[in-house]
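Since the structure comes first, as structure tokens, the remarks are kept for the end.
The values are calculated or read from the model by the stated rules, or taken from the named source; none is laboratory data. Only a predicted model underlies this, so the values are computations on that prediction, with no experimental measurement involved. So basically every Cβ, Gly included, is an ideal-geometry build from the backbone, and we count neighbours across all protein chains shown.
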Amino acid sequence: MHISVTEAVERLSHGEVVAIPTETVYGLAADARNEAALQKIYAIKARPSHNPLIVHIADQSAVLDWADRFPALAQTIAHAFWPGPLTLVLKAAAGVSPIVTANQVTIALRVPDHPVTSQILKQSGLGLAAPSANRYTQISPTQSEHVMKGLGVHIPVVDGGLCKVGLESTIVEVFEDAQGEAQWRLLREGMISASQIESLVKKPAVEGLALTKVPGQHRLHYAPKTALQVCATRETLLEQIVDLEEASQRVAVLTMGQALSLTLDQLVLEASPSKYANQFYAALHHLDALGADVILVEAPPDTVEWRAIWDRLARAVH
Ligand code: TXA
Ligand code: MG
């Protein structure tokens with residue numbers, strides 16, 4: 001059900017849950033200070049309570065409402081990338097609900113870059129806890145129609161069109177080491193890359209991806225219902241199509257650059273990382289709905305610009 005910005009502000013202020021657009025994916029939002037409202041998010045998503053939520057704020061000036069400190073290193077990152085597809089994990093301030101943080105000592109914060117949601121944040125004056133507006137382990141929504149398809153037509157959604165980034169935010173934790181010096185690490189890949197952050201802060205990340213530090217980032221995430229396989233080259237893709245069709249399997253294909261000249265269910269995405277990311281979840285939603293036996297994906301290039309896409313592809317394989 002589509003609702004207006006005014007109605008969204010009204011509902012959020014009264015402890016209700018509303019799906020909102022961001023530049024990454026649609027979020028399922030609630031007042032981050034209202035525990036009954038927060039519980040509704042977990043219930044609607046069927047999300048385990050050990051998986052913490054990102055709090056969306058209007059601008060940097062709200063950071064210290066939620067975080068205990070805003071280290072200079074984190075300020076530099078925020079200044080460069082907010083509003084935008086980057087989440088900062090900082091030490092939480094006293095008084096932040098343990099339902100938001102899932103009992104961790106840290107809090108995840110993001111200033112999203114979407115005019116509709118900026119307006120909702122400003123008008124409501126709230127911090128909005130919002131995970132992606134999909135059921136736990138299913139594909140994230142990049143259009144309001146995906147939200148209603150996944151969570152039901154009665155979910156109130158503010159329509160903000162197609163999300164322009166299309167993959168979830170990069171998550172960066174900033175913390176103090178034993179010497180009291182600020183350090184950073186990458187907790188989730190996104191379209192803002194670790195190398196962009198590294199060249200900004202002139203300091204390498206403390207370690208590689210620390211998946212254990214990100215509850216809920218288990219492998220089976222963002223997966224379509226249909227089995228999905230990645231084919232390393234166009235040749236192996238074509239061979240796999242022949243093999244599967246011989247075995248009477250119905251195949252749907254996601255290619256890039258140039259379409260296959262075959263009559264089968266096929267979507268072609270552009271061979272540019274940002275354009276591919278922008279269309280990727282919509283493509284998975286579409287191919288998944290065809291009811292094929294297998295979705296075959298032509299592998300994107302194995303270069304750094306494609307890392308976040310590879311991360312989501314790996315999670316979609318099963
Ligand atoms: O782009 C995005 O980040 C979208 C939009 C709606 O903002 N949100 C999103 O939320 O992807 P979600 O809940 O699907 O993923 C958030 C991730 C989870 O894996 C969670 O474990 C991690 O952020 N996270 C949240 N709070 C954290 C914390 N305090 N420490 C470490 N990881 C945290
Ligand atoms: Mg999610």
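Restricting A29, A8 to residues that are within 14 Å of ligand 1 (Cβ to nearest atom) and either closer than 15 Å to I120 by Cα or not polar (S, T, N, Q) (or both) narrows the list to A29.
When T87 is tested against (1) within 16 Å of ligand 2 (Cβ to nearest atom); (2) under 25 Å from S199 (Cβ atoms); (3) part of a helix (DSSP H, G or I), just one condition goes unmet, and that condition is (3).
One residue is enough: does region 166-187 have a residue meeting the conditions farther than 20 Å from A74 by Cβ and either of a type in the set (V, I, T) or within 16 Å of ligand 2 (Cβ to nearest atom) (or both)? So far as region 166-187 goes, yes, one or more of its residues are farther than 20 Å from A74 by Cβ and either of a type in the set (V, I, T) or within 16 Å of ligand 2 (Cβ to nearest atom) (or both). State whether the residues of region 151-164 include one that is within 15 Å of I20 (Cα to Cα) and near ligand 1 (Cβ under 10 Å from one of its atoms). There is at least one residue in region 151-164 that is within 15 Å of I20 (Cα to Cα) and near ligand 1 (Cβ under 10 Å from one of its atoms).
Among the numbered criteria (1) within 16 Å of ligand 2 (Cβ to nearest atom); (2) in contact (Cβ under 8 Å) with a residue 24 or more places away in the chain; (3) part of a helix (DSSP H, G or I), which one does K122 miss? Result: K122 passes all but (1). Looking at A108, A74, A62, can you tell me which residue is part of a strand (DSSP E or B) and either among the aromatic types (F, W, Y) or modelled with pLDDT of 95 or more (or both)? It is A108. Scan (1) within 10 Å of ligand 1 (Cβ to nearest atom); (2) surrounded by 19 or more Cβ atoms within 10 Å (Cβ to Cβ); (3) hydroxyl-bearing (S, T, Y); (4) under 21 Å from R312 (Cα atoms) for the single condition S144 breaks and write down its number. Looking at each condition in turn, S144 falls short on (1). Would region 251-273 turn up any residue that is under 25 Å from N134 (Cβ atoms) and assigned to a helix (DSSP H, G or I)? Checked region 251-273: at least one residue is under 25 Å from N134 (Cβ atoms) and assigned to a helix (DSSP H, G or I). Checked against (1) under 21 Å from L12 (Cα atoms); (2) more than 16 Å from ligand 2 (Cβ to nearest atom); (3) assigned to a loop (DSSP other than H, G, I, E, B), R47 meets all criteria but (2).
Only one entry in E168, E173 is near ligand 1 (Cβ under 10 Å from one of its atoms) and either under 14 Å from the mean Cα position of the chain (by Cα) or part of a loop (DSSP other than H, G, I, E, B) (or both), namely E168.
Listed here are the residues, each with its yes/no results for (1) crowded, with 23+ Cβ neighbours inside 10 Å; (2) modelled with pLDDT under 95.
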residue: T117; (1), (2): yes, no
residue: K122; (1), (2): no, no
residue: A133; (1), (2): yes, no
residue: V158; (1), (2): yes, no
residue: V174; (1), (2): yes, no
residue: Q196; (1), (2): no, no
residue: L211; (1), (2): no, yes
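Taking the conditions (1) assigned to a loop (DSSP other than H, G, I, E, B); (2) among the small types (G, A, S); (3) in contact (Cβ under 8 Å) with a residue 24 or more places away in the chain in turn, A80 satisfies each one other than (1).
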